[in-house]
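Here is the structure we will look at, set down as structure tokens.
No value in this document is a laboratory result; all are computed from the given coordinates. All values derive from a computational prediction rather than experimental measurement. Note that each Cβ is placed from the backbone with ideal geometry, even for glycine, and that neighbours are counted across all protein chains shown.
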Amino acid sequence: MAIIPAYTLPGEKVMPEGIAYSSGHGFYAGSTTDGTIFRGRLDDELTQVWQPPGKDARTCVLGLAVHRNRWLVACGGATGHLFVYDLADSALLARRTVPATDTLLNDVWTVGEAAFVTDSVRPVLWRLPLGTTPQAIGEPEIFADLSGAGANAFLNGITATADGTALLVAAQGTGTLWRVETASGAVEQVRLPDGYRFCADGLLLLDDRLLFGLVNETRESRIVFSLAVVALDADARKAVPVGRWDDPRFDTPTTIALAQQRLLVVNSQLTRAEPAAPFHVISMDLPPMPPGVITDDCFTL
């Protein structure tokens, strides 16, 4: 299959944010401005509208997650809504609303039979029971308190360790990384080298121990976006930087997914003064990892 460098999301004011990939159905991206959910095929540079704007009271979509290659979970941002769709026929299986008026449901990851959702306004993780049938989808409840991340934490990206025993959550506002036990909700900060800030939006874990994050930093009075990679120790309690990679095509990249050994990155344009079509999901090679990147010696922080 020929490599397609960028996939176009049709629309004049899409400003996409989240992405998720299903090996059987393609990739999905959502619009922050009107709630459209797009579906794309890796062999077609033009994506299609999969869920039209406004349907099911869905006026904004941020984070997305594929659950067991069957369902799509979508975050509704400040609306407080969570949506679950059937990938096979696009039917709405459930719409749930968190019991809070001041909220920003940002990103989501599924482990076992539950979805875990970051809140960028409240320093908490929400848990949505999914079960194995649509009838078993429950109501969202607060699962973990991350107030230790600070008043300006802005919880954002989320993923899980390979064995599913812990969630990894990025506090983008403070440049910190947090570990949350999926069984108990116990929270602890992941140790990073002194002075290292991991201001990540979307997260992606590869090869069990390499954590990718789309990060931003200020260089010469301007915000620069890059792909940062840190290596985790076996318990995901310590992390050391591996490298950062820039791409001239980055245009406020927000979230990331792996599809057939290539990275799919959403270019949101959210920091542009005047966002303009076309809006893209770009495709990029995996960055080269230095040999011997994960050794016991590198975690003596």
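The table that follows gives values for the structure above.
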| read-out | value |
| --- | --- |
| Anisotropy class of the chain from Cα gyration tensor, a/c 1.5 cut | rounded |
| Computed FRET value (nearest 0.05) for Thr133 with Asp43, which takes r as the C-beta separation and R₀ as 30 Å | 0.35 |
| Karplus-derived 3J(HN,Hα), 6.51/-1.76/1.60, for each residue of the stretch 49-54, Hz, glycine and proline x | 6, 9, 10, x, x, x |
| Whole-angstrom gap from the stretch 232-293 to the stretch 197-228, using each part's C-alpha centre | 7 |
| Sequence-distant residues sharing a close amide H with Ala114 (under 5 Å, placed H) | Leu130 |
| Cα-projected label distance for Ser23 with Arg244, points at 7 Å along beta-carbon direction, nm | 3.4 |
| Cα gyration tensor, the stretch 195-284 - rounded (a/c under 1.5), prolate or oblate | oblate |
| In order through the stretch 151-156: 3J(HN,Hα) via Karplus (6.51 cos²θ - 1.76 cosθ + 1.60), integer Hz, x for Gly, Pro | 5, 9, 4, 6, 4, 9 |
| Shape call, the stretch 1-96: gyration tensor on alpha carbons, a/c limit 1.5 | oblate |
| Peptide ranges 107-113, 269-275 listed from the most packed, as the mean C-beta count within 10 angstrom indicates | 107-113, 269-275 |
| J(HN,Hα) series, the stretch 78-93, from Karplus relation 6.51 cos²θ - 1.76 cosθ + 1.60, nearest Hz, glycine and proline x | 6, 5, x, 8, 10, 10, 10, 10, 7, 5, 6, 10, 6, 6, 6, 8 |
| Kirkwood-based Rg to Rh ratio, the stretch 76-178, C-alpha trace | 0.98 |
| Chain lengthening between Glu217 and Asp285 when straightened (0.36 nm per residue, less Cα-Cα) | 22.3 nm |
| Computed E for Asp208/Lys55 - FRET, C-beta separation, R0 30 angstrom, nearest 0.05 | 0.20 |
| Added length on full extension, which subtracts the Cα-Cα distance from 0.36 nm per residue, Ser184 to Gln261 | 24.4 nm |
| Long-range amide H partners of Tyr7 with built H, under 5 Å | Val281, Ile282, Ser283 |
| Amide proton proximity set for Trp50, modelled H, under 5 Å, gap of 5+ | Ile37, Phe38, Arg39 |
| Loop trypsin sites (Lys or Arg not before Pro), the stretch 146-226, which have at most 15 other Cβ atoms in a 10 Å radius of their Cβ (DSSP) | Arg197 |
| Modelled FRET efficiency - R0 25 Å, Arg191 with Asn152, Cβ distances, 0.05 increments | 0.75 |
